Amino acid sequence: MKLQSSNCTMSFDKPKHINYWKRCLKTYLPNAYTSNDSNRMTLAFFTISALDLLSTLDDPATLSDEERASAVAWIYRCQHPNGGFRGFPGTDFGELSNAENAVWDPANVPATYFALMALALLRDDLMSVRKTECLAWLRRMQRPDGSFGETLSLDGAVEGGTDSRFGYCAMGIRWMLRGAVEGPAWGVPDIDVEGLVRVIRNCQTYDGGISELPFHEAHGGFTYCALSVLQFAQRLPSDTAGQKAGDLSDIELTTRWLLSRQVPAVDEEGDDSDSDASNNHSGTAQNPHSAAFDHFYPIPTADVPRPLCIGFNGRTNKLTDTCYTWWIAASLKMLKRLHLLSAEPACAYLLEQTQHRIGGFGKHAGEPPDLYHSYMGLAALALLGHEGIKPIHPSACFSLDGVQWLEGLEWRTKLCAKS
Amino acid sequence: MSYSASPLWADIVPLPQDDGPGQPLAAIAYSEKYSEAMSYLRAVMASNEMSERALDLTSDIIALNPAHYTVWLYRVRILLTLKKDLHAELSWMNPVALVHLKNYQIWHHRQTIINALNNPDGETDFISKMFAKDAKNYHVWSYRQWLVKRFSLWDAGELEFTEQMLKEDVRNNSAWNHRWYVVFGRGDEAFADPDIVMREVFFTQQSIRLAPQNPSPWNYLRALARRASGPAALPLSSLQPFANTFAPLSAPDAVKSTHALDLLAEIHSENEADKDKAYQALELLATRYDPIRANYWNYRRATLEGVKTV
């Protein structure tokens with residue numbers, strides 16, 4: 001898509017973004033990230049992938065050979081002996097590890113996907129990934145109903161929520177390590193893809209979105225995860241207008257729900273969004289009778305020009321937030337309907353309202369940047385075709401360059417050729 | 001007092017975090033307090049210690065890093081092993097939940113505890129406290145759904161509860177969603193019950209009158225028309241008079257709701273003789289009332305033309 005950003009008064013300040021991410025790479029993250037300590041692998045992926053999207057990861061001035069080797073070594077250090085990766089080294093008991101305490105030091109499904117992606121972006125060949133153990137562990141992470149969890153208990157119980165985030169990461173791991181191979185790979189049978197697709201189907205809501213569990217509220221992030229599962233499983237419909245998807249019960253309704261997420265921002269005290277990666281932000285109750293609410297869904301008239309900056313919310317009647325530009329736009333891209341979205345106001349929202357002058361993006365206008373929203377803002381601009389950022393893969397969530405590197409790896413080419 | 005200075009912990013050799021020899025990724029400037037607490041946590045986890053002091057240590061860790069994915073599991077194991085009073089656990093948990101509103105591990109933990117207690121008493125009161133802070137908290141609504149199903153609370157005032165929440169904020173989509181769950185979450189039979197469907201239509205239409213541009217009840221109403229069946233069947237076209245009052249196509253200046261226009265476009269597209277009205281509604285949306293979505297409304301127009309030429 002060609003982006004017309006002529007109306008933007010602020011442009012994408014690429015050098016500032018590069019500096020922001022270099023600081024994340026080379027210096028300690030502020031103490032406030034302690035509440036994300038267990039998700040360090042996620043933060044590591046954001047850092048590596050952002051620098052890749054900004055075409056600076058291969059520059060020795062960004063990452064020397066020695067630093068690259070260190071980064072790769074740190075990720076592999078988090079690899080679990082029995083397959084998968086930890087989210088951080090904080091549960092590793094080192095020499096004291098034994099069968100009795102292994103339950104407190106499990107591999108983690110999202111961390112494993114983030115680790116594999118970061119390794120590929122660092123141009124590692126993934127030869128040191130214990131693929132057989134990883135895929136065997138991944139099978140154990142699936143429940144009989146088809147859903148995936150986060151970690152495994154010693155007695156084989158699958159711990160963590162049942163929501164589609166874990167199913168998405170599981171499908172990402174499967175795609176990276178075994179491509180589209182049918183049947184066993186690396187000596188391990190496939191996961192139950194049909195079971196997972198069934199779970200996703202049951203999470204479609206009455207208004208056209210997709211939720212974490214049947215009957216829960218439709219949510220932009222879960223909708224993205226669900227559609228990504230279907231894309232990884234090659235179960236999305238063609239883009240023929242009006243055609244019903246085999247595994248999406250009503251693609252028109254889902255399209256409508258996704259496009260309805262683009263709403264004007266409201267200047268309002270408080271924060272009621274639920275997208276934050278950190279856990280220490282308190283929400284503030286909104287006053288539904290406040291004057292601000294009257295403008296929440298303004299009806300533009302000839303006297304009221306259409307607003308220029310229009311971002312996305314994640315649920316009906318919620319505030320816009322940087323990250324939902326990614327979750328919603330990428331979902332539309334997978335449905336081959338990105339062209340239906342108003343791209344120019346979407347970019348303007350990010351560039352003029354949530355882009356921060358020190359680089360990165362905040363969650364809402366005027367807020368300081370954090371790694372999560374900075375990555376999602378950057379990924380969204382990449383998806384919308386902004387110049388100066390590498391094209392991005394909608395379900396993988398990293399650059400097409402990175403995907404090409406992964407798919408060109410010798411072991412993977414051979415594996416996929418056999419099937 | 002720090003752990004290393006405490007006589008209670010004198011027998012424990014702390015196990016420091018090992019990030020390896022090189023430069024780690026995503027290194028965080030830990031406080032000394034957190035680093036030390038984590039080192040003691042690893043030490044007691046490594047020896048599977050089930051003790052009061054280990055339980056207190058998990059509280060300290062959770063206060064600083066509630067997303068730690070095994071400290072909660074470890075805490076449960078200690079509680080059950082020491083046969084602790086689980087009501088006391090609830091009392092400990094409540095303020096933690098009220099501080100860490102966005103944390104989801106705590107709700108998983110709460111499910112575990114309430115499930116073990118096998119008694120939901122007091123839970124809806126606590127949920128009300130959470131909603132007073134954030135009436136759209138996703139984790140709390142998810143937890144409430146679990147509670148309703150686990151203890152069969154469908155008819156214990158749940159419908160009235162959604163009504164109260166919507167009275168406070170008719171735009172609370174989480175409350176609308178919960179209402180759908182309470183009414184239709186027990187099985188598809190409700191879709192064929194005329195009394196239930198008509199009650200929902202009435203409630204929804206009353207809500208729309210309060211705020212015609214609120215998308216939540218419109219989505220609910222359209223879903224009713226799509227799903228109602230048998231003796232309760234609700235043809236989309238039956239909603240036309242209602243939609244007309246908010247978007248009279250004969251008086252385009254008086255349009256009060258884009259959602260009414262959208263619904264009228266869909267209703268009129270079902271009938272070849274009314275296609276022009278569908279075009280008009282979509283045109284009003286694209287050029288005047290909802291230009292943010294002009295591409296989408298134009299796509300709907302193109303779809304209509306496609307159907308027309310068949």
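The values are calculated or read from the model by the stated rules, or taken from the named source; none is laboratory data. No experiment lies behind these values; they were computed from the predicted model shown. Note that each Cβ is placed from the backbone with ideal geometry, even for glycine, and that neighbours are counted across all protein chains shown. The area values use the complete protein model at the heavy-atom level, side chains included, leaving out ligands, DNA and RNA. Shrake-Rupley method; radii C 1.70, N 1.55, O 1.52, S 1.80 Å.
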Next on the checklist: As an exercise, use a Förster radius of 56 Å and the Cβ-Cβ distance of B:Asn298 and A:Trp186 to find the FRET efficiency, rounded to the nearest 0.05.
Outcome noted: 0.70
Checklist entry - Per the helix-only calculation at 222 nm, which mean residue ellipticity applies to chain B, given -39500 (n - 2.57) for every DSSP H run of n ≥ 4 and division by its residues, nearest 500 deg cm²/dmol? => result -19000 deg cm²/dmol
Checklist entry - Using a basic spin-label model with each label point 7 Å from the Cα along Cα→Cβ, how many nm lie between A:Arg139 and B:Trp154? => result 3.9
Checklist entry - How would you classify the protein assembly as shown from its alpha-carbon gyration tensor, with a ≥ b ≥ c the square roots of the eigenvalues: rounded for a/c under 1.5, else prolate if a/b is greater than b/c, otherwise oblate? => result prolate
Checklist entry - Counting alpha carbon pairs within less than 8 Å and at least 6 residues apart, what relative contact order, in whole percent, applies to chain A? => result 18
Checklist entry - Leaving out ligands, DNA and RNA, what percent of the accessible area of the range B:111-206 is carbon and sulfur, probe 1.4 Å? => result 48
Item to check | Inter-label distance, nm, simple model (7 Å from Cα along the C-beta direction), A:Arg198/A:Asn31 | outcome: 5.1
Item to check | Fraction of antiparallel bridges per DSSP, the protein assembly as shown only, in percent to nearest 5 | outcome: 90
Checklist outcome for this item: Neighbours of B:Ser152 by Cβ distance under 15 Å: Lys/Arg at +1, Asp/Glu at -1, summed charge 0
Checklist outcome for this item: For chain A, longest principal axis from Cα atoms; helix A:220-232 axis from its Cα atoms; angle between them, nearest 10 degrees, is 50
Checklist outcome for this item: To the nearest 0.05, the calculated FRET efficiency linking A:Glu66 and A:Ala365 through their beta-carbon distance, R0 being 41 Å, is 0.55
Checklist outcome for this item: So, relative contact order of the range B:201-259 in percent, Cα under 8 Å, 6 or more apart, is 29
Next on the checklist: If the reach is capped at under 22 angstrom between alpha carbons, list the lysines near B:Lys149, excluding any in the same chain fewer than eight residues apart.
Outcome noted: B:Lys129, B:Lys136
Checklist entry - Per-residue mean of other chain beta-carbon atoms within 10 angstrom of the beta-carbon, peptide A:129-135? => result 0
Item to check | Solvent-accessible area per residue, Å², over the protein assembly as shown with all protein chains present [probe radius 1.4 Å] | outcome: 38
Checklist entry - Expressed as a whole percentage, what fraction of the accessible surface of chain A belongs to carbon and sulfur atoms when a 1.4 Å probe is rolled over the protein heavy atoms? => result 52
Checklist outcome for this item: Expressed in nanometres to one decimal, the distance between label points 7 Å along Cα→Cβ at A:Leu308 and B:Gln205 is 4.4
Checklist entry - Using the per-residue mean of other Cβ atoms lying within 10 Å as a proxy for protection, in what order, highest first, do the peptides B:37-43, B:120-126, B:164-170, A:370-376 fall? => result A:370-376, B:37-43, B:164-170, B:120-126
Checklist entry - Expressed as an acute angle from 0 to 90° and rounded to the nearest 10, what is the orientation of the C-alpha long axis of helix A:164-178 relative to the principal long axis of chain A? => result 50
Checklist outcome for this item: Distance in Å, no decimals, from the C-alpha centre of the range A:88-104 to the one of the range A:177-192 is 29
Item to check | Exercise: per-residue mean of other protein chain Cβ atoms within 10 Å, B:27-37 | outcome: 4
Checklist entry - Going by alpha carbons, how many degrees (0 to 90, nearest 10) lie between the helix axis of A:131-140 and the longest principal axis of chain A? => result 70
Next on the checklist: Am I reading the A/B interface right? What is its buried accessible area, both sides, 1.4 Å probe, to the nearest 100 Å²?
Outcome noted: 7800
Checklist outcome for this item: Looks like the range B:237-310, by Cα gyration tensor root eigenvalues a ≥ b ≥ c and the a/c under 1.5 rounded cutoff (else prolate when a/b is bigger than b/c, oblate otherwise), is oblate
Checklist entry - Efficiency by 1/(1 + (r/R0)^6): what FRET value for B:Ser47 and B:Ser128, r their Cβ-Cβ distance, R0 = 35 Å, to the nearest 0.05? => result 0.25
Checklist entry - Using a 1.4 Å probe on the protein chains only, how many percent of the accessible area of the range B:237-310 belongs to carbon and sulfur? => result 52
Next on the checklist: Let's see if you can work this out: charge +1 on each Lys and Arg Cβ, -1 on each Asp and Glu Cβ, no other charges. What is the dipole magnitude of chain B about its Cα centre, in debye to the nearest 20?
Outcome noted: 400
Checklist outcome for this item: Looking at the range B:107-123, residues buried by 30 Å² or more relative to their chain on its own, accessible surface at probe 1.4 Å, turn out to be B:His108
Checklist entry - Can you give the calculated 222 nm mean residue ellipticity of chain A, where each DSSP H run of n ≥ 4 adds -39,500 (n - 2.57) and the sum is split over every residue, rounded to the nearest 500 deg cm²/dmol? => result -12000 deg cm²/dmol
Checklist outcome for this item: Checking rank on A:36-48, B:15-27, with mean other Cβ inside 10 Å and highest first, the result is A:36-48, B:15-27
Item to check | the range B:237-310, relative contact order [Cα under 8 Å, separation at least 6], % | outcome: 21
Item to check | Lys pairs under 26 Å by Cα in the range A:331-419, provided they are eight or more residues apart or on distinct chains | outcome: 4
